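These notes are about the structure you will find just below.
Taken together, the values in this text are just the output of simple stated rules run on the coordinates, not laboratory data. As the structure is a computational prediction, the values presented were derived from the model and not from experiment. Because the Cβ atoms are built from the backbone with ideal geometry, glycine has one as well, and the counts that use them run over all protein chains shown.
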Amino acid sequence: MDADTLPPPPVRQQLRLAGGLTQAELAEAIGVQRVAVARWEAGLTQPHRNNRLKYAKLLRQLAEEHPAAVQEVPSED
């Protein structure tokens, strides 16, 4: 998996919630505005390269700490 590969938007939100983070806290950790995280989680926009790398790394860490969070997200079938 590439360093900047992101999970689908619903999984992004579920991972953040499993980690006990607010959108504002995640935004601060990456160095963006909270509204950017909200748009990423809604699938409205995608982060630019540097932010994408930081976001993907943070999400991978959350997935390792909370593997069940990824399975809890219903599929969109």
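Could you compute the net charge surrounding Gln46? Neighbours are other residues with a C-beta less than 12 Å from the C-beta of Gln46; K and R count +1, D and E count -1.
+2
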Length gained if Arg34 through Asp4 is fully extended, taking 0.36 nm per residue and subtracting the Cα-Cα distance, is 8.8 nm
Checked against the positive end of the charge dipole of the chain (+1 on Cβ of Lys and Arg, -1 on Cβ of Asp and Glu, about the Cα centre), the farthest of Leu17, Thr45, Leu62 is Thr45
The ³J(HN,Hα) series, computed from each phi in the range 40-53 with the Karplus coefficients 6.51, -1.76 and 1.60 at θ = phi - 60°, rounded to the nearest Hz and given as x for glycine or proline, is 5, 5, 7, x, 7, 9, 10, x, 6, 3, 5, 5, 4, 5
